[in-house]
Structure formats: structure tokens, C-alpha cells
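First comes the structure, then the notes that go with it.
The values are calculated or read from the model by the stated rules, or taken from the named source; none is laboratory data. In this text, all values refer to a predicted model and were calculated from it rather than measured experimentally. FYI the Cβ positions are ideal-geometry reconstructions off the backbone, even for glycines, and counts take in every protein chain you see.
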Amino acid sequence: MSSLSAHGRLTIVAALAAWLSVLPLFAITQTDDWIVPAAIAVALVSGTGYVLRKLGVPSLLVPVAQLAVIVLWLGVLVANDVALLGFIPTTDWATRLVDVFQEGLDVTSTFVAPIPVPRGVLMLVIGGAGVVALLVDTLVVWLRRVPLAGVPLAACYTVAATAMTTGLDWWWFLPPAAGFLALLVSEGRTRVAAWGRSASPSARRSGIPETDSLARNGRRVGAVALAVAVAVPGLAPVLTEGVLGPGRGGGGGGGQTIRTDNPIIDLQRNLQRRENVEVLRYSSSADTEAATYIRIVTLDVFDGEEWKTSDRPVPDSVDSGLPWPQGLDQADWPVIDYDINVSPDFSSSWLPLPYPAQRIDVEGDWRYHAPTLDVVADGDDVRARSYNVQSLVVEPTVEALRNAGPPSDDVDAMLELPEELPSEVTDLADDVTGDATDDFSKAAALQQWFRGPQGGFEYDIESTSGHTANALVDFLNDRRGYCEQFAATMAIMARYLGIPARVAVGFTAGDYQGNGTYLVRAHDSHAWPELYFEGSGWVRFEPTPAAITGRAPDWTVVPTQNAPVPDPTDPNAPTSQPTSTAPSIPRDDELGGGAASGGQQPPSQWPLILLGALALAAFFATPSVAARIGRRLRWRQAGDHPGALAEAAWADLREAARDAGHSWDPAATPRSTGRRLATAASLGDDDRQLLDHLVGAVEQARYARQAEPVEALHDDTELVRRSIARSASIGRRIKAFLLPTQYRDSAVEANRRLVEGFDWIDATGERLRDSVAASSLRRRLPAPRPPAE
Amino acid sequence: MPEPFNPGHHQPQGPGEVVPELALGDLADTAARVQAAIGSVIEGKPEVIKLAFTVLLAEGHILIEDVPGVGKTMLAKSVARAIDCTVRRIQFTPDLMPSDVTGVSVFNQSTREFEFKPGGVFANIVVGDEINRASPKTQSALLECMEERQVTVDGTTYQLEAPFMVVATQNPIEMEGTYPLPEAQRDRFMMRLSMGYPSQQAEIEMIDTHGSTSALDPLEPVTDAAHVHKLVRLVRGVYVADAIKEYAVALTSATRTSPDLRLGASPRATLHLIRAAKAWAGLEGREYVLPDDIQALAAPVLGHRLLPTAEAQIGRRDAGSIVADLIQRIPQPEPAR
């Protein structure tokens, strides 16, 4: 085995650690072909460092050179066509690098993980790997500050963990942690090695002094720490479905599959799902312009209790095309061609479609409802279907909407409301739209009131489900709710104001995935109101706050003289690509919200806090309650057998003494134990007598020919126990409460087993290594010649 | 001179012996009286007196190893006097013959028969003074009597009296002209005791009380040999739990593996330990042995049988302190759960 300098070893281990630390990025990228160039980047950085240091180049210059190597390597990857000989920088080369870098930044700020890996992202990932390698190399090999290397090593993991809205799986933590441990161990050995040479055979063989025991301890400590770091958060109590059974939004029975039988119930359930399951992907030739809300069904009847679908005959198949959208003037609206792929996890008898669809190419018997353009199958399912849709792009102007005439008789039904609406609803509707003169202005004022600061509404996915009259009033009072309530309330108000309205249920546009493809997931579930304007047909409004939905449709925003755009919360979001989607908010609420369920009252924080406090108290009290139960069991098991009773009393006494911090010598006789305990706990005369009583009982039980029943043993034991407990300091008592002796003993025992296990693994590893070394040595020796005849 | 010898006077009874109608309370009473009586002669040594009485009840023998003049012989004599039993003193000298110890058959001219003249060993309590001065041959004659409690002369076996206890003394500082007891012989003594010097106070009191008269004169017997013999049989019935046996064995085994010891305790030592513990428990009026009894007796019972290594001796660790260490380390047997 060739001996390797300490420098070389550390360099290699540092490179390995850097490479391992990049692995968590797999979790947030769609493809994994970046790993090879990333590994090359790491190798280039480490190699450069090693060679330059060997050549005696000033240490300060080494990181600079390493950085240059990273940049050159990135150039080879993304700009080799504009560089001289493929790698020598030119002006175009520099421009290209900057452009690609910018592209990468754009992609990362636009997409939700997992992101695709176009060249811009590739550059970021590989450059990141290189920089991590550079920092680790600098810290470890040059500065010898190994513990600090943990910071760059944690960088990629942190990025991945924050990027994943659904949380990163725990095992991604292992590679960076393992790399860091390897670094620590290696550096420790190198440091010890600097003290001199050793004569042990293994040291001579490997060229480094005998530091095996050191390494073993390092591995032992490290492995335990790693196991604890991974296991403890997993064991900590968190209010999740896993612990408390399926939550309200857990989709009980449905498993991963998203069903839409009752669109409204499913909507909230989808939003509350823990896993953001893929629903469908759609793509179009029109690239980024194609972002569209996807509708599933239209709720066009409000019965005073809830919005629902009207009874609708669906006689006509979609095979021969769909009718012209209701109320829309015949004009040459642009048409976009969509390919929609529904995921196998999504089940529905309604066909998810953009509005207004005009032509659908889909297998099966699908029928449309003319006024809403909803498409439904009788007994068919859209699960895992792929189909093609041609849809109009209707973007009415504010002008056209404002000048729309009175609605035609066809949509009179869309104005129907129950006789008695709660006065809160009507009053508020009148208030908000007081200044508006025409229908469109009223609608726009309503939308702005819901979205803007005037309304003061807050998005809350945990709020009470439903949109009945009562729920409606609650929503208006609390000003908390989610999209369904915003949509339902705005639609009711619009009908009250004389504007035909209905509620559409479906999905927001989803996340752009590149190549004109959008990904729609469960957390993109949405509901929105559609208002009817003669000549423009059914127009989508967006009363749900911008944090969830992005900007309101252009045509629904009234340009005013003073305020330019009544949408202060989200000025940066591009119209066609809502970047922040529902999941970020429901997830946060979900964690603490498991308990605040049901009821018409506004959800108060107090029950939650109380519950949390109770849970915390229960958590801390568990060990000592368990110990108490254990004691009781012991007495019960003893029954009325005097010997067993005495032993139970003695065991109680032992626990009490050790909990109070007094030593319990296994070599001491009961009598001397009693004497020592009485002194240590400074017991009074009464207690001493009780203690003597206990000692006598246990002596009888253990050593006499026949144990005799002892009176009041249990009560005496309790009294002595309490006196001993009182003798302990407060700190001791708290410690005993949190972790009674018997569990501490179990923990110590478990730890001993664990350490023994590690030792065994270690010893086995060493034996394997030795035997491999021995066998390779045998191979190298010439085979013994057969003896000459 | 002793009264005419009457062999078979105190025949030990067989296994089917009647349980004596004595209670342990009597034992404790008698013990207290005997100890008080001896205590009036041997001042300031209650623990030695108690140990000596324990050995008597446990049917063992005592080796007292101490400097001259601290009351070794006085202890033996006062025990005998307090109990109203026979006591004989044999001064061991280099020319002492085995027959001086066991006895000899002489021809009686008048009856024209051989008549047995019992030796010094025929008494309830035999004081063997300066046992290390006699030749090994004579020593072993005594030691055989101790073990077998009988003497065989010219083919006739004579039972020794019961209770029977040998109190041998040995002077550790005089080396010239002595035959120190070998380990195997020492093993036959149940305990080795050391009187030690009295405290200053005790010595002053001793001058006051015994300065003029013989110390033994005012000592009146408080019990008799027959009663003591009943007590001995009572002690045999003291209960020894399995846990105690385990503990005693653990202790003696530990002496055999201790790195500080060249020679550990023999199985006979375990036996002696248990027997002594029974007597000790009986003295306390207890029907069963406690581990505390074992601990209290471990040093006196085991001490003289152990040979510390040279390292331990250099470290000034004698057998007593090594045994004390072992007691600190050996766990009490826990009852099965």
C-alpha cells in the first residue's frame, strides 16, 4: 500500500465529503444527470488544490485558482461553442455564462421543487458543488478548521430542505452528515499522527501511526450522534395524521387518489392534503401564454344552504364539438390547443377543461352541458386519461364589460336567490358597491374589497367548511376563509346586485415545468366566481387574496385615476404564472390546526394552547406515571405473599433512594443499607423506625426459614419513600420526575448494548480488512514451486 | 489435678437427638451473663469475648495470636470459669511429648491392668499455651484431637468432653526456637483472634481491680457445661437461607481469585464461616443468619487462612483489609424475580 501524505488524505476526504453533501439536491431536481459534471467539478477543485499546494504556491492563491477552475469548467459545459478550443474564454463566452446564470436564477425563482434542469440550473448546481468543494477544501486542508466545514457541507441540504414544500425525506441528511464525520475522524487521526511515529504493524502498513482506537471512538460517537439526530426528531410528537388518525383533510380511504364526487368537499380536502399529489399536466403549442385555470364543474344553483350543480340533462356528446359559450359575442377569438394528461392518482367523472372549450378529442362517452360547458361521463372516469382540447382565449376589455347591456333572459335563472338572505350579506354588498353605477364596476368593487386591505380578509384553509347562510355570515364576520368561501360569497353578492353569477370549481394554472408544460397538483385546487356580462359571456373573477392566486384577471380590475392597481400584495407576480401556490399556507396552518375543528364559533387559539400544554405535560409526566404504575403492579403481583411484598417494598425503597440521589450499594446488606440511607437522607426518628421495619421485613423475607406477614408494610413504605424524596434537592426531584431511576437504568443498558453493537461492527470491519490484506499479500507472493523430482 | 476420668460422660448425641427445650431467648440471656462475667475480668474487649463465646457455641477452636501479657490465657481461663467446666492448660515446650497431650496407659500393679491416664486434652476448655514452641509431632497430636474430638490410645478410643474447645496461643514476635503452625494446621482453627493492648482507661481500671488479688477469684460461674452443650445444639438449628450460603461461597471463592492473595480460603473455611455465623445469630437471639453476620465474622474466620502476595504485603495490605475489600465488592444475592 502506498503511503499517502496527511495532505493527500485530507484532500481526498474533503472532496468526498463535498460530493456527498451535494446529493440532497437529487430530491429537488427532476433529472439526475448533473451528478457526473458536479463530481468532476469537485474533483477539479480538489485536484487543483492538491497540486498547487504540492508545488508550493502561496496558500492564498489556491482558492483563487480553484474558483477559476470552476468557472472554466462551467464554460466548458455551457459555452464551449463560443470559446477558443472549447475552453479559452472570449467575450461571447462571458456573456453566455452571465446569461445562463441569469436563466438559472429565473428558473429557480419560478418553479416549485422538483425543478427541471435546463442548462441554467445545471450551471447553478455544478457551480454550487464546486464552491462547496472549494470552501471545504480551504477550511480543511489549508486552515485546518474542520468543524467549520460543517457549514458549507450543510448548504445543499439546507437548500433542498427549504425548497421542498412537502419536506425532505430524512435519509437525505445522511450523506452530508457521513461526509462530515469522515472529515472529523480523518482530521483527528492526522492531528494525532503529527505527534510521532508508531511501531504497531498496522501503522507501518498504512503509513500512519496507530490511531485505530481514536478512530473507533470517533466512529462510535459519530454513529451514535447521527442515529440520535435522525431518530429523535422522528420520535418527537407532532400532530399529524400519522399520530391522530386521518385528519379532516386526510382523504380517508382514498389513499393517494384524489376523487371529485362532491366538488366542494373534495376541494378543501385536496388543499389540506399533506402530500401535494400530482393531478394533471397540460401543455400547449403556445408556450407560456397557455397558462389557464382548469375547470372541473360549475355550481350554478344556490339553494340558501350551498352552491350545487343544477339538474342538467346532458344529451349531446362532445364528439361533434361544443356549442359557442353562453353570452359571448361571435368574434375571431384566438384558439389554443391543449394536450392534457391526467395522473393515475386523480379520479373524476368530470373532465378537467379550460374554459371555454370548443373541441375535445377524448376516448369514451363524454357529454357536455351547454350553458356551463361542463363535460361529464356516465360511468366513465378521467383517471390516467390523455386528451386534446381546443379552447378559446377570451380576454374581454374593461370597456366591453362596462358597456355590457342588461343580461339576456337565458341567464335569469342565474340570478335566483333564496327569499331571505342574511342582512349582513345584503348590507355589506350595498355598502361596498355604493359608489358603483354599472354592473361591472360593482363586480370589480366587490373583488377589490375581498382582495384588498379594505375587506381585511385572511386566507385560512382550516376555516369551517361550507357556504351555507350561517357559514356565510361567519365568514363575513371573521374575515377568514379559503377560496371556496370567497367565491361563494362573491357570487351570492353579485346575484343580489343583479349580476348573473355562478361558482366554478377546478384548479389554478399550476407550475410551469418548461417546454410549455404545466403541472397541476392537489394543492392547486381552487374555486372562483364567474359573472355574466352580455357580449363577454361568463367572466372569471378572483376574490381570493393574491397570496394564493396571484393577480386578478386583467379585465376585472378597474383602472382608477388615483391608485394604479388595487393589488398591493403581489406586484411582482407575472400574470400568466402564479408563482406562489396554495401549499405554502395550508401546510403551515395544518401543523398546529389539527385540534381547532368544527363548530360555528370562530376558532379560538385557547383550546389549542391548552391542548399543547396538556400534551407537553403528559409527555414529561409519562415516565414518572409509568414508574408509579410499575410500582403498583409490583405490589399487585406480590399479592399477599409476605416475601414478595417485602421485596416490593424494598424495590420501592431502592428506587426512591436512587431517585433522591443516594447511592445504593449492591454489596451492602439490607441492614447496613438502611443505616446508610437513614444517615444520607437525615431521616427523623419516626422514619428511622419505619425504615427498620422495612429492613426487618426484607431480612425476614430473604433469610428466615419462613417469611411472616408484616403489617402495614405498604403504608410504611409510602411514608419512608416520601421522607426520602423530601430529602432530595429540588433539582434532584425534577430529574427524578422527568427520568425515574428505573428508566435511566434501562437507558444506560440500551446505550451499553448500542456501543457494544458498534464495537462489534468495528471489529468485524477490521477483521475483514486484515483478511483482505492478508489474502492480497498471499497473492503477491510467488506460488511455491513443486518439489523437483 | 483433674478428677478421675470418666469416659463417655459427655457422649455427643446422634442425629436423632431431641430438640432441646431451650429457646433462643435463653441463649441470648446466657450469652449476656457469660459475657458480662468474662467482661469483669477482661476489661474493654467485649468484641473479643463475644467472638470467643461464638466459637465455643459453634464447636470451633480459637487461635489467639498476640504479644505476651495481654491476657490470652486469662481469656481462656475466665471463659472456663464463667461456665463452670473443666479447664486444662498445656504449656507447649520443645520437649513436650504427644502422650503428654493425649494421655498414656500405665500398668496398675494393684489391679494388674493397664490403666489410662488422660492427657491435658481431656477437659472442656484446653488452653494450649505457646503452641508454636512444641515440635510439629506434638502439635499435630493436639490438632488431631481438635478435629476428631476423640483420643485413641493403645487401640482404645476415648471421647473428649463436650463442649470442647481448644484455645491455642501463639507469640508472633519470638522466632527463635519456634515451629510456626503451617497453613494446613492453622486452617483447623475456626478463628484467629488478637487481644490487642487494652485502652488506657481499661488498663487503669485493671490496675485498680486486679492490682492486689487474682483476677479470677471473684468470678463466679453463671452457667454450666451441660447448659452450654444444650445451647450448642440449639445453635445447630439456626436457619441458613440459600441466599446466605450463596453469599458465603461467593466470599470464599473471591479469596481464591483475588490477585492480592497467594492462598485463598478452603471449603472448610466456608463451613466454619457458616457455623460461626449461626452461633453469632443465635447470640443475637435470631433464628436465622443475616449477611451482616457473615460480614462481621469474615475477617476473624478467614483472616488466618489467607496468604497475601508479596505485593500486597509491600503495600501493607494484610488479610483482614483484603477481606474487608472483598466484602465491599461482592453483591448480595438478589432474590429471583
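Structure notes:
- Screening A:Asp33 with (1) crowded, with 20+ Cβ neighbours inside 10 Å; (2) of a type outside the set (Ser, Thr, Tyr); (3) not in a helix (DSSP H, G or I) gives one miss only, at (1).
The rows are residues; the columns are (1) free of Cβ contacts under 8 Å to residues at least 60 places away in the same chain; (2) assigned by TED's automatic domain parsing to the domain that holds A:Ile499; (3) within 29 Å of A:Asp303 (Cβ to Cβ); (4) in a helix (DSSP H, G or I).
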residue: A:Val382; (1), (2), (3), (4): yes, yes, yes, no
residue: A:Gln390; (1), (2), (3), (4): yes, yes, no, no
residue: A:Ala404; (1), (2), (3), (4): no, yes, yes, no
residue: A:Asp427; (1), (2), (3), (4): yes, yes, yes, yes
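- Residue count for the stretch B:304-337 under the criterion of being of a type in the set (Lys, Arg), facing another protein chain (nearest Cβ under 10 Å) and in a loop (DSSP other than H, G, I, E, B): the result is 1.
- Spans of strands (runs of 3 or more DSSP E) in the stretch A:242-337 with at least 1 residues modelled with pLDDT under 80: A:258-260, A:278-284
- Long-range neighbours under 6 Å by Cβ, at least six apart or interchain, first residue facing another protein chain (nearest Cβ under 7 Å) within the stretch B:287-298, second β-branched (Val, Ile, Thr): B:Val289/B:Val240; B:Val289/B:Ile244; B:Pro291/A:Thr669; B:Asp292/A:Thr669; B:Gln295/B:Ile327
- Candidate set: the stretch A:740-758, residues that are of a type outside the set (Lys, Arg), at pLDDT below 80 and surrounded by 13 or more Cβ atoms within 10 Å (Cβ to Cβ); chosen: the one nearest to A:Ala728 (Cα to Cα): A:Thr741
- Filter result for B:Gly60 (touching a Pro at 6+ places or on another chain (Cβ under 6 Å), modelled with pLDDT of 80 or more, in the same structural domain as B:Gln201 (by TED's automatic domain parsing) and not aromatic (Phe, Trp, Tyr)): no
- Contact annotation: residue pairs with Cβ atoms under 7 Å, 6 or more positions apart or on different chains, pairing a residue in the stretch B:111-122 that is surrounded by 12 or more Cβ atoms within 10 Å (Cβ to Cβ) with a partner that is in a strand (DSSP E or B) and among the small types (Gly, Ala, Ser), are B:Phe114/B:Ser105; B:Glu115/B:Ser105; B:Phe116/B:Gly103; B:Phe116/B:Ser105; B:Lys117/B:Gly103; B:Pro118/B:Gly103; B:Gly119/B:Gly103; B:Phe122/B:Gly103.
- Among the residues making up the stretch A:662-720, those that are surrounded by 17 or more Cβ atoms within 10 Å (Cβ to Cβ), part of a loop (DSSP other than H, G, I, E, B) and at the interface with another protein chain (Cβ under 9 Å from one of its Cβ atoms) are A:Ala668, A:Thr669, A:Ala704.
- Lone qualifier among A:Pro418, A:Pro453 - being touching a residue at least 60 places away in the same chain (Cβ under 8 Å), over 43 Å from the mean Cα position of the chain (by Cα) and either outside any helix (DSSP H, G or I) or surrounded by fewer than 18 Cβ atoms within 10 Å (Cβ to Cβ) (or both): A:Pro418
- Any hit, the stretch A:766-783, residues being under 26 Å from B:Pro333 (Cα atoms), of a type outside the set (A, V, I, L, M, F, W, C) and surrounded by 10 or more Cβ atoms within 10 Å (Cβ to Cβ): no
- Wholly enclosed strands (runs of 3 or more DSSP E) of the stretch B:144-195 bearing at least 1 residues at pLDDT 85 or above and touching a helix residue (DSSP H, G or I) at 6+ places or on another chain (Cβ under 6 Å): B:150-153, B:165-170, B:191-193
- The residue pairs whose first member lies in the stretch A:741-753 and is not assigned by TED's automatic domain parsing to the domain that holds A:Arg721, whose second member is modelled with pLDDT under 80 and of a type outside the set (Ser, Thr, Tyr), and whose beta carbons are closer than 9 Å, counting only pairs six or more residues apart or on different chains, are A:Ala747/A:Leu739; A:Asn751/A:Val224.
- Residue match in the stretch A:613-631 (condition: within 14 Å of chain B (Cβ to nearest Cβ) and modelled with pLDDT of 85 or more): yes
- Filtered by the rule that a residue be more than 10 Å from every other protein chain (Cβ to nearest Cβ) and hydroxyl-bearing (Ser, Thr, Tyr), the stretch B:237-270 gives B:Thr252, B:Ser253, B:Thr255, B:Thr257, B:Ser258, B:Ser266, B:Thr270.
- Boolean, B:Ala265 is part of a loop (DSSP other than H, G, I, E, B) and under 14 Å from B:Asp187 (Cβ atoms): yes
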